[in-house]
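Coordinate-derived values only; no laboratory data. Small disclaimer: the values here were computed from a predicted structure and weren't measured. Cβ coordinates were reconstructed from backbone atoms using ideal geometry, including for glycine residues, and neighbour counts include every protein chain displayed.
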């Protein structure tokens with residue numbers, strides 16, 4: 001009969017044996033996973049998110065496209081996230097924030113909507129490049145770190161069901177899903193609904209855009225519990241004039257949200273807006 005001390009020794013020896021056996025098994029599994037990746041990389045080699053040249057890994061830009069990407073950095077307006085040319089002092093607001101205070105608390109964007117950033121957005125939106133969403137979301141996390149840290153739930157700008165049926169996916173929801181995963185936050189894609197089939201915003205002037213999305217969004221009664229009293233992080237692909245996110249923010253606050261912040265991948269900077277979207281290069 002084994003003594004207590006001998007039983008412990010046997011237990012330790014058995015655990016070591018199991019560990020030694022498990023290690024090679026885990027190593028073999030790791031090698032197998034690596035081997036399985038090679039056919040995929042051969043059949044679908046990673047390409048630049050901007051120009052589609054071959055690159056070393058998915059989601060990166062080539063050496064020619066990277067310098068064309070303008071990351072939005074501080075100093076910026078604490079409300080609108082519009083970058084200043086130099087430090088203006090704590091609490092200094094942009095003319096946009098003063099002249100037309102938004103219904104949301106803060107807005108941030110990762111990049112300026114020009115060149116490569118524009119190509120990435122259009123690739124995601126119109127060319128089914130949903131593979132770009134996780135990488136775009138990483139840049140959004142960098143720009144909106146303070147917003148993510150304060151948020152309780154992530155909500156995407158919704159599509160009308162008819163447009164969703166045509167497109168098969170919502171680009172804003174793809175970005176929001178990635179942001180919620182990276183930030184460890186709840187994802188509530190049905191928290192707000194687009195109840196009016198609106199015209200495409202491209203081609204519309206500022207006032208026309210505002211009128212186009214007026215009363216276009218509503219929080220369903222059954223979804224109020226998801227946002228009631230909570231700080232909502234509203235996610236969209238591009239902040240152009242702000243008409244859409246303003247309309248959604250109003251609907252969220254009406255539905256009981258405690259506060260709303262806005263995070264987008266790209267931002268059309270003041271002075272760059274063109275109704276047809278084609279003049280921004």
Subject >> Percentage relative contact order, the range 77-267, counting C-alpha pairs under 8 Å, at least six apart >> reply: 28
Subject >> Highest to lowest packing among 186-195, 164-173, scored as the average C-beta count within 10 Å >> reply: 186-195, 164-173
Subject >> Sequence ranges 232-244, 208-220, ranked by mean other-Cβ count within 10 angstrom, highest first >> reply: 232-244, 208-220
Original post:
Once you sort the root eigenvalues of the Cα gyration tensor of the range 77-267 as a ≥ b ≥ c, which label holds: rounded (a/c under 1.5), prolate (a/b larger than b/c) or oblate (the other case)?
Top reply: rounded
**OP:** Mind ranking 117-124, 75-82, 64-71 by how tightly packed they are, going by the mean number of other C-beta atoms within 10 angstrom, highest first?
**Re:** 117-124, 75-82, 64-71
